[in-house]
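Trainee: To start, I am sharing the structure in question, which I have written as structure tokens.
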Amino acid sequence: MGFSRRAFIENSVVAIAAVGVSSVATADSGPMLSESDPTAAALGYKASASAVDKAKFPQCMPGQSCSNCALYQGAAGTSSGPCTIYAGKLVSSAGWCASYTKKP
């Protein structure tokens with residue numbers, strides 16, 4: 001019994017849909033950004049905003065964190081999410097770096 005054209009098309013549609021769903025599901029996944037990462041270190045990234053060296057980064061103000069930064073792409077209420085500065089890596093929602101930009 002051969003593989004019909006109809007079965008091929010139906011299976012192709014299912015496979016394409018599965019690939020699309022898996023890429024959406026993994027868009028918010030990736031390794032956590034390390035504070036020792038060269039870009040993170042240059043921008044003073046800390047996983048906890050309270051750990052930022054205020055003498056080195058006086059622009060860091062109370063209440064600023066990745067969760068309320070315009071560059072943070074994570075969903076509200078999550079502990080981590082992607083950031084446009086650190087492509088492919090997740091940042092802590094409680095973190096901070098010198099690229100902080102208040103959400104409008």
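Trainee: Can you tell me which residue is modelled with the lowest pLDDT among those in segment 5-49 that are in a loop (DSSP other than H, G, I, E, B) and open to solvent by 60 Å² or more (accessible area, probe 1.4 Å)?
Mentor: Thr26
Trainee: Take the residues in segment 79-91 that are touching a residue at least 24 places away in the same chain (Cβ under 8 Å) and farther than 18 Å from Pro38 by Cβ, then tell me which one is farthest from the chain's Cα centre (by Cα).
Mentor: Top of the filtered list is Ser80.
Trainee: Now a separate question. Based on this model, can you work out whether Met61 counts as among the aliphatic types (A, V, I, L, M), modelled with pLDDT of 95 or more and in a loop (DSSP other than H, G, I, E, B)?
Mentor: Yes; evaluated as a whole, the condition is true for this residue.
Trainee: Related question: Among the residues of segment 50-104, which ones are of a type in the set (Gly, Ala, Ser), touching a helix residue (DSSP H, G or I) at 6+ places or on another chain (Cβ under 8 Å) and crowded, with 16+ Cβ neighbours inside 10 Å?
Mentor: Scanning segment 50-104 gives Ser65, Gly74, Gly81, Ser92, Ser93, Ala94, Gly95.
The values are calculated or read from the model by the stated rules, or taken from the named source; none is laboratory data. As the structure is a computational prediction, the values presented were derived from the model and not from experiment. Here the Cβ is made from the backbone with ideal geometry for all residues, glycine too, and neighbour counts use every protein chain on show. Remember, those area values only see protein heavy atoms, side chains included, never the ligands or the DNA or RNA. Shrake-Rupley method; radii C 1.70, N 1.55, O 1.52, S 1.80 Å.
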